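For reference, the structure discussed in these notes is given below.
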Amino acid sequence: MTTVPVRKDETEIREALRRVKAEGERVLVEEDGEPVGALVSLEDLKALEELEDRRDELAALEALAESDERIPSQERGEPNAQDERKAFLQLPIAERRRILAEQAARIAAEYERDTRWEDLGPGDFVES
């Protein structure tokens, strides 16, 4: 990984940015010899943000699975999505992936069968 001190001239910083963009190189930015940031490609940034989102979602699901809170629908004896999520999270990862793959295949088949969605544009409302 290349290191670029903050005080370097603009030409060296522009060259570092060019390498980040063209080659995907990661550049460490230092100020007074201490790392203060990094230059990364947009692809790397998007991947990092996706990882952070997944980590946050997993933490939320795990907290939900460990929670004993009850929502009003459960008290009324209605089906409870929270319990379904908890049960799903208790399954082995291979089983969860299999279930999700089946659901994705059913959804894809439905979109292939019913093509009315192709006529929709941004902001269109769909009424049942």
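Checked against (1) touching a Gly at 6+ places or on another chain (Cβ under 8 Å); (2) at pLDDT below 90, Glu43 passes all but a single condition, namely (2). Glu50 satisfies every condition listed in (1) acidic (Asp, Glu); (2) touching a helix residue (DSSP H, G or I) at 6+ places or on another chain (Cβ under 9 Å); (3) at pLDDT 90 or above except (2).
Could we say that Ile71 is modelled with pLDDT of 85 or more, surrounded by 10 or more Cβ atoms within 10 Å (Cβ to Cβ) and aliphatic (A, V, I, L, M) here?
No; evaluated as a whole, the condition is false for this residue.
Scanning the stretch 1-31 for residues that are assigned to a loop (DSSP other than H, G, I, E, B) and at pLDDT below 85, we see that the one that is surrounded by the most Cβ atoms within 10 Å (Cβ to Cβ) is Lys8.
The values are calculated or read from the model by the stated rules, or taken from the named source; none is laboratory data. Keep in mind the model is a prediction, meaning the values are calculated, not measured. Virtual Cβ from ideal backbone geometry, glycine too; neighbours counted across all protein chains shown.
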